[in-house]
Amino acid sequence: MILGFLGTGHITTSVIEGIFKSKLKFKKIYISPRNNMIAKKLSKRFKKVYISKNNQQLIDNSDWVFLAITPQVANKILKLLKFKKRKKIISFISTFKIKDLKFITKNKNITRVIPLPFIGMKKGPVIISPKDRSAKSFFKHLGKVIEIKSEKLSKGFWTTSSFMASFYNLIFVTSSWLISKGIKQKEADQYVKELFLALSEDAVQKKNINLKRLVSESQTPGGTNASVLKNLKKNKFYKIQIKVLNEIFKKF
Ligand SMILES: NC(=O)c1ccc[n+]([C@@H]2O[C@H](COP(=O)([O-])OP(=O)(O)OC[C@H]3O[C@@H](n4cnc5c(N)ncnc54)[C@H](OP(=O)(O)O)[C@@H]3O)[C@@H](O)[C@H]2O)c1
């Protein structure tokens, strides 16, 4: 199988890194010449990665085409490109509906996928919508596949995948606070990274315990965990979280 990535930016880099760490079988990968610096780096790093001359050549030479361009670029360039009717298209584009992609590419074989940067470590969730057997058997090598049958429902996952920067800010603020109390930056950063990693791993491993129960089991009545939670609730921390999610949801 020959894979082609239209748009050689952050997410293409992560997906290709994941592919080369996986047992996926493929003949070669074509990447588009933009971004030139990233394309050169990737083709130097991985023997089976080739930079195509232009976007059309990439599409013509690939069995699967991954759309890894921004919605603005997609709007500009897709209408100028030709896709065979049954060529498989996997779109990573955040705000572009299948209906519109079908219209603009004149192709019916389109699936939307939400990869996240940790796909480069073969970790994290990968949302596939609508259900697609071949996409599932591909992406299961790169992360935890969650299939969502309706595109409309997948909007929620696009929304929650916008939590990356604010998550990092949460752990950054936690570390900064430790530093303000006299802890060295290296130790503070290491501590918060390990703390949040362990919390996530613990939640994943406790498959039969729902999140609400985890909240209640991780606090002693009247203890410090209970007090922090109560204070954050009182200060509308979580109400603001929901409000922000609702705002972003409207974008998808
Ligand atoms: N990053 C994520 O975590 C993530 C997760 C899920 C989905 N996505 C989606 O994936 C898409 C790409 O995101 P990204 O973060 O990888 O963005 P990015 O790093 O900005 O990559 C976009 C790439 O498209 C290239 N490009 C611009 N014009 C082009 C053209 N005419 N022909 C071919 N390529 C062109 C850019 O090249 P230049 O630098 O030369 O302009 C750049 O390499 C977006 O729709 C985003 O919503 C991203």
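Quick note: the coordinates plus some simple rules give every number you see, no bench work behind them. Keep in mind the model is a prediction, meaning the values are calculated, not measured. Here the Cβ is made from the backbone with ideal geometry for all residues, glycine too, and neighbour counts use every protein chain on show.
In the stretch 1-77, which chymotrypsin sites (Phe, Trp or Tyr not before Pro) are in a loop and have at most 15 other Cβ atoms within 10 Å, using DSSP for the loop call?
Within the stretch 1-77, the qualifying chymotrypsin sites (Phe, Trp or Tyr not before Pro) (loop, at most 15 other Cβ atoms within 10 Å) are Phe26.
Under the rule of at least 5 residues apart or a separate chain, name every residue whose amide H is placed under 5 Å from the amide H of Ile146.
Here Val126, Ile127, Ile128 satisfy the definition.
What number comes out for the charge environment of Lys102, summing +1 per Lys or Arg and -1 per Asp or Glu over other residues with Cβ under 12 Å away?
Residues close to Lys102 contribute a combined charge of +4.
For the chain, report the translational diffusion coefficient in µm²/s to the nearest whole number, using Stokes-Einstein at 25 °C, 0.890 mPa s, and a Kirkwood Rh over Cα pairs.
Here the translational diffusion coefficient equals 120 µm²/s.
State the volume of the convex hull built on the alpha-carbon positions of the stretch 107-162, expressed per residue in Å³ and rounded to an integer.
Each residue corresponds to 82 Å³ of Cα convex hull volume.
In nm, to one decimal, how far is the Met1 label point from the Ile183 one, both placed 7 Å along Cα→Cβ?
4.4 nm
Could you tell me what % of all Cα pairs in the stretch 163-249 have separations over 23 Å?
Here the tail beyond 23 Å accounts for 36 percent of pairs.
How large is the helix-only mean residue ellipticity at 222 nm for the chain, computed as the sum of -39500 (n - 2.57) over DSSP H runs with n ≥ 4, divided by its residue count, in deg cm²/dmol to the nearest 500?
Helices in the chain give a 222 nm mean residue ellipticity of -15500 deg cm²/dmol.
Please figure out what share of the DSSP beta bridges in the chain is antiparallel and state it in percent, rounded to the nearest 5.
That works out to approximately 10 percent antiparallel.
First check a/c for the stretch 156-203, with a ≥ b ≥ c the square roots of the eigenvalues of its C-alpha gyration tensor; if it is under 1.5, answer rounded, and if not, answer prolate when a/b is larger than b/c or oblate otherwise.
It comes out oblate by the Cα gyration axes.
Can you compute the charge dipole magnitude of the stretch 22-176 about its Cα centre, using +1 on each Lys and Arg Cβ and -1 on each Asp and Glu Cβ, nothing else charged? Give it in debye, rounded to the nearest 20.
It comes to approximately 780 debye.
Taking other Cβ within 10 Å of each residue's Cβ, how do Arg34, Arg112 sort, fewest first?
Final ranking by Cβ density, sparse to dense: Arg34, Arg112.
Excluding residues on the same chain fewer than 8 positions from Lys44, give the lysines whose Cα lies under 26 Å from its Cα.
Lys21, Lys23, Lys25, Lys27, Lys28, Lys53, Lys122, Lys123
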